[in-house]
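Please read the structure below before turning to the comments.
The values are calculated or read from the model by the stated rules, or taken from the named source; none is laboratory data. These figures come from a predicted structure and were not determined experimentally. Methodologically, a virtual Cβ is constructed for each residue, glycine included, from the backbone with ideal geometry; neighbour enumeration extends over all protein chains shown.
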Amino acid sequence: MSLDKETVAKIAHLARIHVPQQDLEPLAGELSKILDWVEQLNRVDTEGVAPMTSVVAMPARWRADAVTDGGYPDDVLANAPEAEHGFYTVPKVME
Amino acid sequence: MSGLSALTLAEARDGLKTGDFTSVELTQAHLKAVEAARPLNAYSCETPEKALEMAAESDTRIAAGKAGAMEGLPVAIKDLFCTQGVLSTAGSHILDGFRPHYESTVTRNLWDAGAVMLGKANMDEFAMGSSNMTSHYGAVENPWKRKDDRKAKLVPGGSSGGSATAVAARAALAATGTDTGGSIRQPASFTGIVGMKPTYGRCSRWGIIAFASSLDQAGPMTRSVRDAAIMLGAMAGFDPRDSTSVDAPVPDYEAVIGGSVKGLKVGIPKEYRMEGAPPEIDALWQQGADWLRDAGAEIVEVSLPHTEHALAVYYIVAPAEASSNLARYDGVRYGLRIPGSSLQEMYENTRAAGFGQEVKRRVLIGTYVLSAGYYDAYYLKAQKVRSRIAGDFRDAWDKVDVLLAPTAPNAAFGQGEKMDDPIAMYLNDVFTVPASLAGLPAISVPAGLSAEGLPLGLQVIGRPFDEETVLRAAHVLEGAAGFDAMPDFIAGG
């Protein structure tokens, strides 16, 4: 599976990582090499095999649907690059 | 006092108990060693004041007869663990200045057991790497040197390379590591120490900065198998805050140390004999089997037919999970923010500047294999092959109690090698990844030296939640190997 520049630009956008124009081509080469390598999995017969969804065989635990944590907005905001009036702040998203 | 940093964890514990020295003395000796070890770059953040404060509290508890299992013992903490009020960066620029307001469960358990924190150990960025070359805080240097090339700087392996180097260089009695595809075992092998990844679910993942959630597992890195047993006991335990934490009692792991392997069935997975593998790796593996046979174990050849595909599965599953986990680094809630003219641009600028090359590569691969139209072909297929790999191990447990294998296909390599070929770097984990995919407990024990004079480890893999048998077999191997070679660089006196 070979990726082209356009596909890499699209993935980079989905991943919200800015990739400069001149880096798209080399990156396409690197990623294609990795994808070519993982293509080997198509040789494995997985007919009727269920995908692994749980590493350790155990049922999911139940718990009460109750609030057990919270109430310390200052702690939550303490590491924010920008915060105001108890909120995270971001660049304007609406005119 | 000199010589204190050369003790094992068990010796230091016993010395504290009998009053031969205090935790403050032990900690001071280690802080000196941490300073002396600075050229290796093993620590990304030192916490000497905190260490001395914790040591003084330990001395009070020891005097009051209230010592915990790790009381007064100074350790290093991999920088993937969130530690309250102490810089926690995962080796990434994007977590610049991040000081969590909470403590990870594993470190909380260690502090509750009385352990003393020396600082945070350097690591590959977001635990992605096998060389410790990808940290924002610079490469870590292995304290070992090739015997006929003392100049070349070698890697300590990764991603827990700072932890491994600190322990090997005697700049910590022990350290925490985390293992996603081999990140505890491979650096342990490269630095001549013991590293154990317990069963998935044994140690809580809460407060550990997530890389690949279905694989990540914390474990001890120590200078002896007994020390690994002591430290694992203190780290492990049920935690309701981690939905995959297993609600099962933690056995007394140290109690199995010294047990016999008479009658134990040890499997040799034939698919681990790789074409082109260095003969010295094969020879050491054979030697390991002979040691266990001489101790009374029965050696049985077994087959794990899907082994050759484990790495490819790993390099779909781990990046896929990483791309989801690392979505949280958006310049809003913590760490780095690079401004942009819109919210979108701020995200893209922040993540472009904050992530290193390998992290970006994996996030992009992960995004691609999860994207519409490709999910079934890559991710779903990989999870099906993963079921096959786990099934191979289940079949093996019908015939044997543990498996014996090399830890890594080579000894430590030079800084800068394998950097331009991601797949060559990924191959370092060829022997460790299968057990990770199946969630099994596995340990690396230093077993011999390569022709270049570098340490090589052997790996014991066990049934789920049977860390006890793994430790028992590992201790017998350790005794037979009698590994007593020392690295070039020793920080402590």
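Observations
- Residue identified as in a loop (DSSP other than H, G, I, E, B) and under 30 Å from B:L31 (Cβ atoms) among B:A491, B:A411: B:A491
Residue by residue, here is whether (1) surrounded by 24 or more Cβ atoms within 10 Å (Cβ to Cβ); (2) under 18 Å from the mean Cα position of the chain (by Cα); (3) farther than 30 Å from B:A236 by Cα; (4) free of Cβ contacts under 8 Å to residues at least 12 places away in the same chain holds:
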site: B:E358; (1), (2), (3), (4): no, no, yes, no
site: B:Y368; (1), (2), (3), (4): yes, no, yes, yes
site: B:S371; (1), (2), (3), (4): no, no, yes, yes
site: B:A382; (1), (2), (3), (4): yes, no, no, no
site: B:M419; (1), (2), (3), (4): no, no, yes, no
site: B:F431; (1), (2), (3), (4): yes, yes, no, no
site: B:S450; (1), (2), (3), (4): no, no, yes, no
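- Taken over region B:116-151, residues that are surrounded by fewer than 24 Cβ atoms within 10 Å (Cβ to Cβ) and either hydroxyl-bearing (S, T, Y) or assigned to a loop (DSSP other than H, G, I, E, B) (or both) amount to 11.
- Unique residue being of a type outside the set (S, T, Y), in the same structural domain as B:C45 (by TED's automatic domain parsing) and closer than 21 Å to A:N79 by Cβ when the list is B:G157, B:G161, B:G97: B:G97
- In region A:59-75, residue farthest from B:E321 (Cα to Cα) [restricted to those that are within 26 Å of the chain's Cα centre (by Cα) and at the interface with chain B (Cβ under 8 Å from one of its Cβ atoms)]: A:D75
- Condition check for A:A12: on the phi < 0 side of the Ramachandran plot, among the small types (G, A, S), surrounded by 10 or more Cβ atoms within 10 Å (Cβ to Cβ) and more than 8 Å from chain B (Cβ to nearest Cβ): no
- Scanning region B:96-108 for residues that are surrounded by 24 or more Cβ atoms within 10 Å (Cβ to Cβ) and in a helix (DSSP H, G or I) turns up B:T105, B:V106, B:T107.
- From the options B:A51, B:A76, B:A29, residue that is touching a His at 6+ places or on another chain (Cβ under 9 Å), under 19 Å from B:T165 (Cβ atoms) and modelled with pLDDT of 95 or more: B:A51
- Annotation note: of B:V460, B:V445, B:V476, B:V400, the sole residue that is β-branched (V, I, T) and assigned to a loop (DSSP other than H, G, I, E, B) is B:V400.
- Selection count where residues are surrounded by fewer than 21 Cβ atoms within 10 Å (Cβ to Cβ), farther than 17 Å from B:G182 by Cα and within 10 Å of chain A (Cβ to nearest Cβ), scope region B:307-329: 1
- Enumeration of residues in region B:152-173 that are in a loop (DSSP other than H, G, I, E, B) and either of a type outside the set (A, V, I, L, M) or surrounded by fewer than 24 Cβ atoms within 10 Å (Cβ to Cβ) (or both): B:A152, B:K153, B:P156, B:G157, B:G158, B:S159, B:S160, B:R170
- In region B:1-24, residue surrounded by the most Cβ atoms within 10 Å (Cβ to Cβ) [restricted to those that are of a type in the set (S, T, N, Q) and farther than 21 Å from B:A175 by Cβ]: B:T22
- A single member of A:Q22, A:Q40 is at the interface with chain B (Cβ under 9 Å from one of its Cβ atoms) and part of a helix (DSSP H, G or I), and it is A:Q40.
- When residues in region B:174-199 are screened for being in a loop (DSSP other than H, G, I, E, B) and within 21 Å of B:A10 (Cβ to Cβ), 4 of them pass.
- Residue check, B:R386 free of Cβ contacts under 8 Å to residues at least 60 places away in the same chain and within 12 Å of chain A (Cβ to nearest Cβ): no
- Here B:L427, B:L440 are screened, and the one residue that is within 14 Å of another protein chain (Cβ to nearest Cβ), at pLDDT below 95 and either surrounded by fewer than 20 Cβ atoms within 10 Å (Cβ to Cβ) or part of a loop (DSSP other than H, G, I, E, B) (or both) is B:L427.
- The residues on offer are B:S243, B:S213, and the sole one that is in the same structural domain as B:S92 (by TED's automatic domain parsing), surrounded by fewer than 24 Cβ atoms within 10 Å (Cβ to Cβ), on the phi < 0 side of the Ramachandran plot and at pLDDT 95 or above is B:S213.
- Residue in region A:15-50 that is surrounded by the fewest Cβ atoms within 10 Å (Cβ to Cβ), counting only those that are of a type in the set (A, V, I, L, M, F, W, C) and more than 22 Å from the chain's Cα centre (by Cα): A:A50
- Long-range neighbours under 6 Å by Cβ, at least six apart or interchain, first residue within 14 Å of chain A (Cβ to nearest Cβ) within region B:227-244, second not in a loop (DSSP other than H, G, I, E, B): B:D239/B:T105
- Residue among B:T199, B:T178, B:T191 that alone is at negative phi, of a type in the set (V, I, T) and either surrounded by fewer than 24 Cβ atoms within 10 Å (Cβ to Cβ) or within 13 Å of chain A (Cβ to nearest Cβ) (or both): B:T199
- Any hit, region B:370-385, residues being closer than 22 Å to A:V38 by Cβ and β-branched (V, I, T): yes
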